[in-house]
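Derivation of every value follows stated rules applied to the coordinates shown; laboratory data play no part. Keep in mind it's a predicted model, so treat the numbers as computed, not measured. Every residue, glycine among them, receives a Cβ derived from its backbone with ideal geometry; neighbour counts consider all protein chains shown.
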Amino acid sequence: MFDDRSRKYKNQYVLLKPVDIKRYEPFVGKHAIDELRWLAEPLKNKVWSNINSTFVGGGVAEMLQSEVPFARALGIDCRWFVIEGSQSFFSVTKKFHNLLQGLDQGITLEEIFHAYLDTIDENTRNVKVVGHMVTVHDPQPAAIIMNGNVYGHIVWRCHIDTSNASRRIWRFLLPYINQYWGAIFTTEEFIRSPLQIPTYEISPSIDPLREKNKHYTKKEALDILQSLLNENNIDPHRSIVLAVSRFDIHKNQKSIIKSFKLLKDKMKKKKPPQLVIIGNSATDDPEGIKMYEQIKDEAGDDKDIHLLLNVKDNDRVVGSFMTIADCFVHISSKEGFGLVVTEAMWHGTPVIGSKVGGIKKQVVHKHNGFAVEPFDYADIARNMQTLIEDKAMRRELGKNAIEYVGKHFLLPQMLYKELLLMRYYLEIDNKIPPFRINDLTYKEISQALYGRTVWPFSSDDLKKRIEAIIEGFEGLNE
């Protein structure tokens with residue numbers, strides 16, 4: 001999977017082959033694919049590098065596993081670098097993640113300067129990352145911008161909810177973030193405070209060709225799951241409530257269990273439903289197994305609650321469970337986006353989703369699922385019961401869910417925005433991308449004032465704004 005060059009360095013270069021992008025036409029139409037080809041034409045052989053902290057586990061890795069081959073198929077030299085770190089590095093970056101999502105947690109200077117910054121130094125000491133555009137994903141590699149070994153139009157992409165980020169960790173990361181050419185957030189509300197660089201809004205997406213997202217008939221799904229169902233005493237003829245995510249405090253699996261127990265009590269005179277919670281561990285999340293044990297304790301000896309960790313043939317198993325489940329529950333207390341919500345909706349499974357973060361962009365209340373407060377156990381249980389008992393509603397919401405994902409959250413739609421951004425940085429287009437969030441920024445103004453115009457200021461609107469700002473400064477001098 002990895003290029004032989006990776007053995008020389010601390011970080012790894014992931015080599016993925018191009019995909020046949022004609023296979024996406026049935027999902028988004030030929031016109032959309034032709035438009036992507038047109039956008040990519042002047043970007044052929046241009047380098048687009050991506051840097052993150054893990055090849056497996058989590059939504060970012062899954063997206064890059066699809067995004068890189070797609071971009072390469074368009075003729076772009078798309079590259080993927082994975083930084084390496086010790087257990088202490090991933091422990092402190094997990095604390096970054098928690099603090100950025102508003103969880104109060106202790107962190108020491110030793111952790112920040114030794115476990116974090118020293119690891120970043122080691123990853124860039126013997127290797128250079130070069131790209132006409134370089135996307136650095138999430139807080140783990142954020143400080144890599146300051147080491148002088150990453151070259152190009154470098155943007156930071158934040159996949160987590162930082163709207164209530166701890167002030168101390170945000171102040172630590174802010175000087176690094178403000179060195180980037182721009183920052184990408186899932187939604188505008190995630191920006192903790194005004195940045196000095198341009199910000200953009202791009203939603204994550206799923207790959208409809210990925211094994212997990214293939215549409216199965218119920219019979220096909222049951223055939224795939226047969227041995228696993230038998231091993232875990234899961235009855236496919238009884239209702240199934242499904243949840244899929246990493247075992248993490250913000251994923252709020254304990255609340256799912258509490259709500260499910262209320263549901264069972266409400267349905268005690270009927271055939272009892274089953275709760276299946278599937279989760280994987282990830283190399284950059286050392287707290288996952290500890291949280292798994294806590295969730296096991298919450299489930300107790302309830303024989304209708306099934307916790308499945310690191311199942312074999314994960315993608316086919318998850319996709320099959322999403323096909324046969326009566327409802328999918330994802331009630332995170334914090335959520336950058338929640339690609340598992342998108343995946344469940346793509347399978348036509350109505351989602352009970354919390355009114356937080358990126359989930360709000362996906363679950364439209366009573367249209368494709370139910371939007372709930374993450375700790376309102378009674379309401380969550382009530383919606384579980386509705387979806388289990390009302391087959392017609394389940395079918396209608398599921399149909400709407402498939403259509404909604406098809407319009408907004410498939411891989412080609414995300415690539416469309418990213419290609420526009422790359423064209424803008426390379427000055428192929430001078431028009432500001434329509435998904436930009438903020439107005440003219442400090443960095444752009446200072447570059448214009450001192451004659452270092454590295455942004456494409458040919459837009460008449462931008463020129464007028466800069467001239468007005470300069471005139472304002474001259475007026476103050478008088």
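Structure data summary
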| read-out | value |
| --- | --- |
| Which listed pairs, of Lys17/Lys218; Lys95/Lys258; Lys95/Lys214, have C-alpha distances above 29 Å, in listed order | Lys17/Lys218; Lys95/Lys214 |
| Volume per residue that the Cα convex hull of segment 212-408 spans, once the total is divided by residue count, Å³ | 110 Å³ |
| Cα long-axis angle, helix 411-425 against the chain (0 to 90 degrees, to the nearest 10) | 10 degrees |
| Neighbour-count order for Ser49, Ser446, fewest beta carbons within 10 angstrom listed first | Ser446, Ser49 |
| The chain: C-alpha pair distances exceeding 30 Å, % | 48 percent |
| Exposure proxy order (Cβ contacts within 10 Å, fewest to most) of Met146, Met133 | Met146, Met133 |
| Estimated dipole of the chain in Debye, rounded to 20 [Cβ of Lys and Arg +1, of Asp and Glu -1, Cα centre] | 1000 debye |
| Options His250, Met393, Gly319, ranked by Cα towards positive dipole end of segment 212-408, top entry (Cβ charges) | Met393 |
| Net charge dipole size for segment 212-408 [Lys, Arg +1 and Asp, Glu -1 on Cβ; Debye, nearest 20] | 680 debye |
| Residue-by-residue Karplus 3J(HN,Hα) for segment 350-362, coefficients 6.51, -1.76, 1.60, Hz, glycine and proline x | x, 10, 9, x, 6, 7, 9, x, x, 4, 4, 6, 10 |
| Proxy reagent accessibility, fewest Cβ within 10 Å first, across Ile154, Ile191 | Ile191, Ile154 |
| Distance histogram in 5 Å bins (all Cα pairs of segment 129-270, percent per bin) | 2, 7, 12, 14, 12, 12, 9, 9, 9, 8, 5, 1, 0, 0 |
| Interchain or long-range residues, amide H under 5 Å from Lys46's placed H | Asp77 |
| Whole-angstrom gap from segment 154-213 to segment 235-278, using each part's C-alpha centre | 32 Å |
| Listed pairs Lys271/Lys399; Lys254/Lys290; Lys219/Lys266; Lys212/Lys271; Lys270/Lys303 exceeding 19 Å between Cα atoms | Lys271/Lys399; Lys219/Lys266; Lys212/Lys271 |
| HN-Hα J in Hz across segment 364-376 - Karplus 6.51, -1.76, 1.60, θ = phi - 60°, x for Gly and Pro | 9, 4, 6, 10, 10, x, 10, 9, 9, 7, x, 10, 8 |
| Amide hydrogen neighbours beyond the local backbone of Ile154, cut-off 5 Å, H modeled | Val134, Trp181 |
| For the chain, with +1 on Lys and Arg beta carbons and -1 on Asp and Glu, the positive-most of Thr162, Phe81, Gly406 along the dipole | Gly406 |
